[in-house]
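Please treat every number below as a calculation from the coordinates, not as lab data. Predicted model only: the values in this text are computed from it and were never measured. As a convention, Cβ positions derive from the backbone with ideal geometry for all residues, glycine included, and neighbour counts pool all protein chains shown.
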Amino acid sequence: MSSAGRTRLYWGIALVATYIVSVNHADTAIARVTLFAENFDGLPLAATVDEGNPFGVAGENVWTPTPPVGWHVDNSRMPGGGVTEFRGWTFVDPSWWVTTAGQRRDQFTKARGAMAVADPDEWDDKRRDLGFFDSFLNTPEFSLDGIEENSAVLTFGSDWRFEGLQTAILSVEFDGAGAIELLRWESNPSSPFFREDGANETINIDLNNPTDAAGMALHFGLTNAGNDWWWAIDNIAVTAVITLPEPTPGDFNDDSLLTATDIDLLSAFVRDGDNNSVFDLNGDGGVNDADRTIWVENLAGTFFGDADLNKEVAFADFLHLANTFSRTGGWAAGDFDGSGTVLFPDFLLLSANFGKSATAVAAVPEPNAAMLLLVGLVGLVRRCRTVAGSVL
């Protein structure tokens with residue numbers, strides 16, 4: 001399957017929680033994320049077909065042969081006939097499943113809502129063709145992009161009861177390169193793969209994903225079964241480790257950039273007197289102008305007055321200020337003191353740093369630039385005199 005056909009990677013804000021477990025080095029962090037998860041609870045269940053007619057227990061909204069989107073049930077080696085609700089892997093209401101025959105099915109208490117089950121014991125209760133129960137439940141291929149080698153782990157709830165030749169097989173396939181067997185449970189006590197009854201277990205398996213694998217799929221099989229018992233599963237999840245970039249200090253909107261939006265967010269917390277530790281850049285327990293100074297001078301590497309954050313204070317920055325003077329605005333509009341309004345104190349901050357550049361030596365403004373700033377100041381003074389409540 002091409003990468004376009006793979007199911008999306010489930011992490012972050014969408015479907016699963018991401019847990020930061022350790023810091024790796026200066027600019028990266030380690031996180032364990034959920035790549036894939038399915039509990040079958042979203043499947044629409046239907047009424048019984050054979051159960052309750054005349055044997056078993058009828059029910060409404062209790063089973064379906066249809067797997068979740070992207071999954072596939074391979075019944076190509078299943079004999080014809082048998083109880084419809086249990087021909088191959090099917091998806092059932094656990095409570096209803098218990099009522100069909102009992103026989104310790106009620107022990108699978110980890111199952112909720114709906115679960116997947118291969119139950120040859122119930123399947124064999126109706127006339128069928130010769131042959132063994134032989135069915136595989138296959139997940140869609142899902143992405144391993146960015147995942148650390150050998151970090152993927154499969155977890156699922158399991159209820160297994162052995163008999164006869166019944167065999168459970170679980171395998172993984174990376175990039176469609178062929179199945180690798182992870183688990184084999186056989187019912188013959190003399191087999192090295194013999195597995196006695198395992199009721200209501202949580203199974204954890206290392207998937208040993210190769211470093212160059214782009215995607216993977218899982219295959220759950222129950223084979224060589226006649227009138228034997230079952231294997232039921234639920235709450236399947238695959239987690240893995242990914243290396244994430246360490247958040248950029250001062251990047252409060254998480255876009256991996258330091259922009260005017262970030263300094264405006266910080267300024268708003270300063271104005272509100274909110275000592276949110278996220279904005280406490282110097283770690284002194286408060287959020288104040290000292291944190292704004294750190295953001296501007298240390299993190300952004302520029303000066304108060306640099307409205308466009310290009311690391312120099314020039315006439316273009318003055319024009320930003322002049323165009324919004326006496327109005328509300330943020331850093332990009334010329335609000336350099338963080339008051340929320342562009343006023344004369346902002347001009348003073350700009351003029352104190354006018355001509356400075358973080359990329360070139362310009363200790364004092366050149367005469368022409370200074371003259372432009374002086375002319376601009378006159379214009380601002382005239383504007384201030386026409387504004388009610390001016391600070392001048």
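Brief remarks on what is shown
- Taking 7 Å steps out from each Cα toward its Cβ at Val57 and Glu163 produces label points 1.8 nm apart.
- Most to least packed among 82-92, 266-276 [average Cβ atoms within 10 Å]: 82-92, 266-276
- Spin-label pair Ser277-Ala177: with each label point 7 Å from Cα along the Cα-Cβ axis, the two points sit 4.4 nm from one another.
- Extension gain for Asn298 to Ser95 (0.36 nm times residue separation, less C-alpha to C-alpha distance): 66.9 nm.
- Calculated FRET efficiency for the pair Ser76/Thr243, C-beta based, R₀ 30 Å, to 0.05: 0.15
- Figure legend: label point modelled 7 angstrom from the Cα of Phe194 along Cα→Cβ; residues of region 211-235 with amide N under 20 Å from it are 223-226, 228-231.
- Alpha-carbon centroids, region 175-249 and region 315-365: separation in whole Å: 61
- Overall form of region 164-287 per C-alpha gyration tensor (a/c, 1.5; a/b vs b/c): prolate
- Descending by average beta-carbon neighbour count within 10 Å, the peptides 326-336, 129-139 line up as 326-336, 129-139, the highest first.
- The calculated FRET efficiency for the pair Asp289 and Phe344, based on their C-beta separation and a Förster distance of 22 Å, comes to about 0.80.
- Arranged from fewest to most other beta-carbon atoms within 10 Å of their beta carbon, Ser171, Ser256 become Ser256, Ser171.
- Rounded if a/c under 1.5, otherwise prolate or oblate - region 3-244, Cα gyration tensor axes: prolate
- With the highest mean first, a sort of the peptides 309-321, 227-239 on other beta-carbon atoms found within 10 angstrom per residue produces 227-239, 309-321.
- Qualifying lysines (Cα of each under 17 Å from Cα of Lys311; at least 8 residues distant if same chain): Lys356
- Using C-alpha pairs under 8 Å with a sequence gap of at least 6, the mean separation divided by the residue count of region 3-244 gives a relative contact order of 27 percent.
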